[in-house]
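To keep things clear, I will list the structure first and then write my remarks on it.
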Amino acid sequence: MTEARIAIIGGGLAGLYAAYRLDRLGVAFDLFEARNRLGGRILATESGGFDLGPSWFWPDFQPRMHALVTELGLPVFEQYTAGATMLEDRAVGVVRRAGYLSGNTSMRVEGGTCELVAALTDLLPPAHLHLSAALKAASLDGQAIRLVFADTPDPSQTYTHIWLALPPRLAAGIQFSPSLPERDLQMLMAVPTWMAAHAKYVAHYGKPFWREAGLSGDAFSRIGPLTEIHDAGNEKGAALFGFFGINAAQRTGLTASEVKAACRAQLMRLFGEQAADPVEDAFYDWAADPYTATDQDRVSSGEHGALDAGFVFAALWRDKMRLIGSEAAVEQGGYMEGALAAVDRVLAEMNLAAVDQPR
Ligand SMILES: Cc1cc2nc3c(=O)[nH]c(=O)nc-3n(C[C@H](O)[C@H](O)[C@H](O)COP(=O)(O)OP(=O)(O)OC[C@H]3O[C@@H](n4cnc5c(N)ncnc54)[C@H](O)[C@@H]3O)c2cc1C
């Protein structure tokens, strides 16, 4: 493995974690990310660091996430849930109900999940992180892998292995030579990308006025546009966020300012007049982002994607290429924990896990 040179495709949590582990092992790698930023589905508002992608992890059953934030020294805190819950539907209008406790404690990273991306990035050699590099094609030339990018000069460097830190459906869109058999493509396309059909709205406020009114910030609505709302506050400020009840096709017909206005009107119905004037509000539609969602993903299956546990690429690619994105995990597929699990699995398969000792 000392001669290995690994091309990691994708700079979301899976790609960054893989790079972190390989760097500590002294294994050569280059990471190529299509967007002009790292983090993938992990994204925050420009001010405040409020999450537009994932917020929560659950240490009770996600040991890797717990271990990683601990290893990186990132402070974490419990999701705010104290107080009453608001409900609305067309029959009864808006009602206030006693809050309830869900079984598992949802934890968040101080400053937002983007702090996890920043902490990993800080530990990586910048010369090996390549942004705005969307992989278009990969070919096998004997034992060497050559890469072709959409808008970036192709590297003269070749690689011994390629690790696809991507949702499987996006991996299926890359041109491989020799080409992947139909069976592989079908298996990749069958895996839905978790949360790719969704969008998130965040409203940042000067103070948590709902908490002062004895409300948790949790709300559930059958009217919309938001279906589920929670407190999104962190040490930088007060905020509420919501997931949408209207689907990706319905959102396409609306401008961002129409969507935001409808969300503010709903927050006013649920939490009162003070919700009308956020310091800033933001909306991100993951279904409209081609580096997350394919056409199939725009209709939510509601299922966590997980690749068949025994999946390996066929024929010549078998020993050369691995999937390490979250949807490739055997357990917790689709979650951040899944991204770490998928990487750990490949490291173990390549006999790298046991020799990785903290520096
Ligand atoms: C709104 C929302 C809420 C969520 N909430 C939670 C939560 O609370 N808890 C939780 O655990 N998980 C949650 N998730 C899921 C979580 O975000 C993912 O499990 C995790 O971020 C996946 O990381 P990944 O690296 O596997 O994939 P991604 O983050 O999707 O990274 C893939 C990367 O590959 C890049 N890429 C794509 N195509 C190419 C190409 N051709 N060439 C080069 N690069 C390419 C992309 O730009 C991207 O950066 C949520 C997701 C969303 C969208």
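Every number here is computed from the coordinates shown, using simple stated rules; none is lab data. Note that the coordinates shown come from a computational prediction; the quantities given were computed from them, not determined experimentally. We place every Cβ from the backbone using ideal geometry, glycine too, and count neighbours over all the protein chains shown.
Results, tabulated for the structure shown:
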read-out: Selected from ALA287, ALA213, ALA197 as most flexible by GNM, with the chain as the system and alpha-carbon contacts under 10 Å; value: ALA213
read-out: Average Cα contact separation per residue, region 3-67, under 8 Å, 6 or more apart, as relative contact order %; value: 27
read-out: Computed log₁₀ I(q)/I(0) - Debye formula, equal Cα scatterers, no solvent, the chain, q 0.09 Å⁻¹; value: -0.52
read-out: Exposure proxy ranking, count of Cβ atoms within 10 Å, fewest first, for ASP308, ASP344; value: ASP308, ASP344
read-out: Relative exposure of TRP163, TRP194, judged by other C-beta atoms within 10 Å (fewest first); value: TRP194, TRP163
read-out: FRET efficiency for ASP60 and ASP141, using Cβ-Cβ distance with R0 set to 41 Å, rounded to 0.05; value: 0.30
read-out: Region 128-228: antiparallel DSSP beta bridges as a percent of all, rounded to 5; value: 75
read-out: Estimated dipole of region 1-154 in Debye, rounded to 20 [Cβ of Lys and Arg +1, of Asp and Glu -1, Cα centre]; value: 320
read-out: Difference of contour (0.36 nm per residue) and Cα-Cα distance, ALA288 to GLU349; value: 18.4 nm
read-out: Cut-off under 5 Å, modelled amide H: who pairs with ALA239 long-range; value: TYR205, ALA232, GLY233, ASN234
read-out: Estimated FRET transfer efficiency when R0 is 25 angstrom, pair ASN36-ALA315 (beta carbons, to 0.05); value: 0.10
read-out: Linear extension gain, GLU71 paired with LEU185, 0.36 nm per residue minus alpha-carbon span; value: 37.4 nm
read-out: Helix 256-271 vs. the chain, principal-axis angle (Cα, 0 to 90°, nearest 10); value: 50
read-out: Between helix 336-349 and the chain: long-axis angle, C-alpha atoms, 0 to 90°, nearest 10; value: 20
read-out: Estimated distance in nm for a label pair at ASP308 and GLU212, the labels positioned 7 Å out from Cα along Cα-to-Cβ; value: 5.8
read-out: MET187, MET65 arranged by Cβ crowding within 10 Å, fewest neighbours leading; value: MET187, MET65
read-out: Normalised contact order of the chain, rounded percent, pairs of Cα under 8 Å and 6 or more residues apart; value: 21
read-out: Lysine pairs in the chain with Cα atoms under 25 Å, if 8 or more residues apart or on separate chains; value: 6
read-out: Hz values of 3J(HN,Hα) by residue in region 203-213 - Karplus curve (6.51, -1.76, 1.60), Gly and Pro given as x; value: 10, 9, 10, x, 8, x, 4, 5, 4, 5, 8
read-out: Label-point gap, in nm, between SER301 and ARG90 - each point 7 angstrom along Cα→Cβ; value: 3.1
read-out: Degrees, to the nearest 10: 13-25 long Cα axis against longest axis of the chain; value: 50
